[in-house]
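Worksheet: the structure to be examined is printed underneath.
The values are calculated or read from the model by the stated rules, or taken from the named source; none is laboratory data. Model, not experiment: these values are computed from the prediction. Reconstructed Cβ throughout: ideal geometry from the backbone, glycine too, with neighbour counts over all protein chains shown. Quick note on the areas: whole protein, heavy atoms, side chains included, nothing else; ligands and nucleic acids left out. Shrake-Rupley method; radii C 1.70, N 1.55, O 1.52, S 1.80 Å.
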Amino acid sequence: GNNFGNVQLASITLAKVTQPSGDLQEFNINLSGPTTGTVGLQDGESFPRTNMLLSGTYTVTEDSVEGWDLTDVTCLDGDGSVGDNIYDEEEILNGKEFNLEAGHEVTCTFTNTKRGSVTILKASQPDGTFEFNLIGETDDGDVEETQSIITEEGSGEITFGNLLSGEYDIRETVLDGWKEPTIDCLLNGEEEVDNTSFELPAGGNV
């Protein structure tokens with residue numbers, strides 16, 4: 001009169017992708033549900049929990065990292081995409097919630113995109129105060145910022161940081177009584193670009 005019921009254990013694999021690829025930044029990904037835990041992953045790494053998990057509702061979320069945006073979370077099992085997006089208090093994507101069925105294997109891939117920057121190196125004779133205007137178009141909207149450099153002993157520097165990838169241009173306000181400046185722009189210290197129209201890639205610096 002005894003019945004023996006068996007439930008097959010399930011699997012979840014957590015994976016990390018960064019843009020640009022190959023970055024060494026580590027991201028903490030959290031697993032919550034019938035089983036909980038946290039794992040730190042870099043680009044190209046994955047962490048499988050194979051045939052270890054009870055079925056049920058799970059959430060996978062990622063701790064935010066300054067200078068990076070979580071741009072995509074995809075959870076797939078053999079039947080296709082699963083789960084719903086989870087957002088934090090500021091309505092920023094930070095994970096997925098899904099139902100893990102007995103015997104299923106789900107792989108969740110977190111994709112993060114690094115922010116970029118534009119650095120201005122200014123040389124002047126004599127010293128002075130110079131204004132720069134950065135204008136950009138990104139997938140998340142337009143960008144416009146203004147900063148000033150006060151040169152000392154002929155040089156100065158500023159950085160427009162935390163920039164989303166997109167199309168940008170940088171312009172200096174020419175002061176009365178000064179010559180038009182000469183301008184040289186390099187992307188990542190190598191590729192020459194035009195200051196009035198350049199593509200800032202993920203994690204790039206001009």
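Please identify the pairs in which a residue from segment 24-38 that is under 16 Å from A10 (Cα atoms) and touching a residue at least 40 places away in the same chain (Cβ under 8 Å) has its Cβ atom under 8 Å from the Cβ atom of a residue that is open to solvent by 60 Å² or more (accessible area, probe 1.4 Å) and in a strand (DSSP E or B), counting only partners at least 6 apart or on another chain.
Final answer for the pair search is G33/T57.
State all residues of segment 124-145 that are assigned to a strand (DSSP E or B) and open to solvent by 80 Å² or more (accessible area, probe 1.4 Å); if no residue qualifies, say none.
Across segment 124-145, the qualifying residues are E131, E137, D142, E144.
Within segment 77-123, which residues are open to solvent by 90 Å² or more (accessible area, probe 1.4 Å) and either touching a helix residue (DSSP H, G or I) at 6+ places or on another chain (Cβ under 6 Å) or more than 30 Å from P181 (Cβ to Cβ) (or both)?
Selection gives D79, D84, Y87, E89, E90, E91, N99, E101, E105.
Quick check, is E89 out of contact with any strand residue (DSSP E or B) (no Cβ under 8 Å at 6 or more places or on another chain) and acidic (D, E)?
Answer is yes for this residue.
For the subset of segment 41-76 comprising residues that are more than 25 Å from N6 (Cα to Cα) and among the charged types (D, E, K, R), which member is least open to solvent (accessible area, probe 1.4 Å)?
E62
Kindly establish whether T138 is within 30 Å of L76 (Cβ to Cβ) and either aromatic (F, W, Y) or in contact with a Gly (Cβ under 8 Å, 6 or more places away or on another chain) (or both).
yes
Might you let me know whether segment 3-21 holds any residue that is within 30 Å of N205 (Cβ to Cβ) and assigned to a loop (DSSP other than H, G, I, E, B)?
Checking segment 3-21: at least one residue is within 30 Å of N205 (Cβ to Cβ) and assigned to a loop (DSSP other than H, G, I, E, B).
Against the definition (within 25 Å of G166 (Cα to Cα), touching a strand residue (DSSP E or B) at 6+ places or on another chain (Cβ under 8 Å) and among the aliphatic types (A, V, I, L, M)), how does L70 come out, yes or no?
Spelling it out, L70 is indeed within 25 Å of G166 (Cα to Cα), touching a strand residue (DSSP E or B) at 6+ places or on another chain (Cβ under 8 Å) and among the aliphatic types (A, V, I, L, M).
Return yes when A15 is within 15 Å of V73 (Cβ to Cβ), hydrophobic (A, V, I, L, M, F, W, C) and open to solvent by less than 80 Å² (accessible area, probe 1.4 Å) and no when it is not.
Taking the combined requirement at face value, the residue satisfies it.
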